[in-house]
Structure formats: C-alpha cells, structure tokens
Amino acid sequence: SLTQRLTRTLDSIRGQGRLTEDQINTAARELRMALLEADVALPVIKSFIDKLKARALGAEITQSLTPGQAFLRVVQHELTEALGGTSEPLNLRAQPPVVILMAGLQGSGKTTTTAKLARRLKEDDKKSVVVVSCDVYRPAAIEQLRIVATGVGVDVFPSAVGQDPIQIAKDALAYARKQFADVLIVDTAGRTTVDQEMMAEIAALHAAVQPTETLFVVDSMTGQDAANTAKAFADVLPLTGVVLTKVDGDSRGGAALSVRTVTGRPIKFLGVGEKTDKLEVFHPDRIANRIIGQGDVLTLIEETTKKVDAEQAQKLAKKLTSKKGFDLADFREQMQQMQSMGSLESILEKLPGGAQMQAQLKNVNAEKEIRRTVAIINSMTPQERKFPDLIKASRKRRIATGSGVEVQEVNKMLRQFETSRDLMKKMAGGGMAKMLRRLGGKL
Ligand code: GDP
Ligand code: MG
C-alpha cells in the first residue's frame, strides 16, 4: 500500500522540523504510482500532485509523525478536499414534482440507481415518487425499470419501444403533476460509447423537463475512461451531481477523483451493490482513504496521537510484548488509556484485527465498567496487582469492600483480566501491540 511505500522511502530520512522539497518529490513519485493503481486519470493525477506539492512544502513533522506520515496526512486532507470536502445531499428544493434526470452510458447503472433513489426518497424522505423510462431502444430496459420500481413500491409511468422519448418525458411530468407526486425520476437510454445522437437526445430531454437534479451515473470500474465520459456529458448537460456505481467491486475509487475533478460537480451517492438498498451517501474522506489504500488507520493515528500520551503508550507496548507478562497494573493502565482514547468500541473498530478483539472484550466496553475495574484494582496492594494468583477469598472480600462492590464483581473483573491477558499474548507482535509501539516510539 501507499502507507508502506512511503514509510519505506521516507522514513529512512529521519527528519525533524518541516518536509523538504526532496522528501516531497520522493513521496510524490510514490503517490503518483498509487493514484495510477487506483485508476485515476493521468491529467487529474498531474494537477492533483502539483497542487499537493505546494501544500506539503513546509508541512510540520511533529514529534509523533515521521516524514512519511506527515506527507500522508497532507495527501489525505488534500484528497478529501479534491473530492468535495463534505457530502452533499440531493437538492429537492423546488416546486414539486421535483424532476431528477439520470444520464450516463449504457450499463453504468442508471436504471438500477433510479430504483435505488426512488426507494430512498420513498422510505427515508417519505416522498411520493413516479419513475419513467425513456429508453425506447431496448424493450428489456423498460421492463427492467418496471420490475425494480414496482419492487420498491413506486409509481411507474408506462412507456414503450418506438415512442418519442421527449414526449414520454413530458407526459410523465404531466402525470406526476396530476398525481401531486413529490418527485419524478426520468431514466434514459445510453449507448456503450459516447455518440452525438445520444447526446442530442439527452440534451433535448433536459430542455423538455427542466430537471432540478441532473445526475451523471458512472461505473467506478471504468477507470481511466470515466474522466472522458464525464467530460462528454458535462459538455452538453448542466450536471448537478454524480452517482458513482459498482464501488462494491474491485474498484479502488480512483474514478471518484477523476469525475469530480473533470465535472467540478459533487458526487452525491455511491452504488455499492445490485440490490435497491445498496445506495450510500458519498463521504469524501472515506473514498480518500480507499484511494490511499489504508482504511481508517490514518484516522486512528490522528485520534490517538491527539489523546494518548506517547510515552505511556510506549511503556505499555513494551509490557504487552515482553515475556514477563501483563499484570493487573498494566490492565488498569490499559483501561485508563482506553478511557482517554474515547469509546473502546470505536477504537477497536479501526484497529487491524480489532473486530475479533472487540468481540472478546465485549464485556468491558462500557465506560462504567471501566471505571469500576479501575476502582477494584486501586483497592489492591501492589503485590496483588503483580501476582493476581495471590487473590484468594479473604483478599477478594477486602478488595470488594474497599472498592464498594460485591465479591462477584471482583471475580468477574479477574476473569476479564485473564481473558485480556491471553488476548494480549496472542496479539503481541500483531495488531494492537504493533500499533501502540508505533504510537509510542518514533512513529
Ligand atoms: P443502465 O444501462 O445504465 O440502466 O445500467 P443498469 O442499471 O441496467 O445496470 C447495469 C448492470 O450493473 C446491472 O447488471 C446492474 O445490476 C449492475 N449494477 C448497477 N449498479 C450497481 C452497483 O452499484 N453495484 C453492482 N455490483 N452492480 C451494479
Ligand atoms: Mg437502463
């Protein structure tokens, strides 16, 4: 991944202060490769990197960040901005019926997305929706929309092969008006490649129904071609947004950057599957991470570097990985750190291997329980913390009284400690420990 590459290339250069031009050029070469692999269009890569270089120059390398990580942070930030910064909702602020026009190549996912949007508008926004197919070249396409739209329970305005698509759209609009529908979604025909006739037709459709939203639907797997297609559509249509489909496949999301850069229009939704519930609101930061290929690890680093005392983390990491083992004092320290890092669950979620750990530690994820655990351990002698086996019945009673809990609570806590200790042994050298070591050390 890009993270590994940058770590290799940049982190041999131990630097403090600010990123230098040399470091940035080296890192930019790696980034270029990563963007190419993610299928971002070449001209888009070039303009993105030029802008990025300017931003990265002088970026601070703090105590806790290596040059590689400092650079990655800039990349993550700039990429998110280039993808639009924040998510942008569908615009429904117009006299109903609000018209949504779907545009894009054949097979891009227009018909599927029409049904997905209809479902979302109906179920989440409580809108009444009419859909219509203007794909008069393929009987199967009209039938396909009828089936999926009926499946989600929205009104389908009928159309047939051989009719004039412009007239169909006008009639559908009149019908939607008469029904007092909130939204009309117009599904259109597409060719396998951009051609003049199709472009003229979609432009005429646009003029006829005056849509509030003109959505360009594009298959994220088309890679380099996505940019050219987007340009062709943006040239003839005032696009208001983009739907990127098939993001559930092997797509690394590069098309998002290409299409956003070329059209300048917000990506509003992602199609993440064939079923009608597989439509997600687009979040620029998530796709940025996907393009960089590092999941949420960067976010985790940011969150934890803010909150965790690096030295303490390093100490803990050493303990976790040392042969000597993990005692109750370490367990307490770990609990306290979890507390200061925020909700245990949200942290674990992001760690490599975290899901497994999350499942195993399910019982200790409540803040209250963490506080109780800490209180119980506080009531022990240092000797007891070091050698938990010493804690027999009478000691348990004393500890319970001292921390104001029942003896069963002490037992439960000791069992949790044991589970955790076993887990730590398993994790040593892997996910958590490595993470903490990196956080604690010269990151
Ligand atoms: P249209 O020609 O633009 O109307 O495209 P369709 O809606 O007919 O979709 C073409 C194919 O892509 C169909 O087989 C869909 O099931 C599939 N498809 C559409 N969107 C998605 C998606 O988000 N994920 C996946 N995996 N398949 C999709
Ligand atoms: Mg279709």
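Just so you know, all these numbers are worked out from the coordinates, no wet-lab data involved. Since this is a predicted model, take the numbers as computed values, not measurements. Please note: Cβ atoms are built from the backbone with ideal geometry, for glycine as well, and neighbour counts cover all protein chains shown.
List residues of segment 214-231, by number, whose backbone nitrogen lies under 12 Å from a label position 7 Å along Cα→C-beta of ALA94. Zone members listed by number: 214-215. Remark: the THR86-THR401 segment gains 108.2 nm on full extension, using 0.36 nm per residue and subtracting the alpha carbon distance. Of the cross-linked pairs LYS46/LYS275; LYS268/LYS368; LYS53/LYS275; LYS246/LYS368; LYS51/LYS278; LYS116/LYS178, those separated by over 31 Å at the C-alpha level are LYS46/LYS275; LYS268/LYS368; LYS53/LYS275; LYS246/LYS368; LYS51/LYS278.
Taking the Kirkwood radius as Rh and the Cα radius of gyration as Rg, segment 98-282 has a ratio of Rg/Rh equal to 0.93. One chain, two ends: ARG32 and ARG18. Fully extended at 0.36 nm per residue, the span grows by 2.9 nm beyond their Cα-Cα distance.
With both labels modelled 7 Å from their Cα along Cα-to-Cβ, the ARG371 to GLU197 distance reads 7.3 nm. When the charge dipole of segment 60-189 is built from unit charges on Cβ atoms (+1 for Lys and Arg, -1 for Asp and Glu) and taken about the Cα centre, the candidate among VAL136, SER159, LEU121 whose Cα reaches farthest toward its positive end is SER159. Per 10 Å bin, what percent of the C-alpha pairs of segment 81-129 does each bin hold, from zero upward? All Cα pairs, binned at 10 Å, distribute as 20, 43, 34, 2 percent. Gain on full extension, evaluated as 0.36 nm per residue between ALA329 and ASP50 minus their Cα-Cα distance, stands at 95.4 nm.
In percent, rounded to a whole number, the relative contact order of segment 98-282 is 27, using alpha-carbon pairs under 8 Å and six or more apart. Residues whose amide H falls under 5 Å from that of VAL98, counting only those 5 or more places apart or on a different chain, are VAL183, LEU184, with hydrogens built in the peptide plane.
What the phi angles of segment 215-224 give under the Karplus curve with 6.51, -1.76 and 1.60, with θ = phi - 60°, is a coupling list of 9, 8, 9, 9, 6, 5, 7, 7, x, 4 Hz, glycine and proline written as x.
The modelled label-to-label distance for the pair ALA393/SER128, using points 7 Å beyond Cα in the direction of Cβ, is 7.5 nm.
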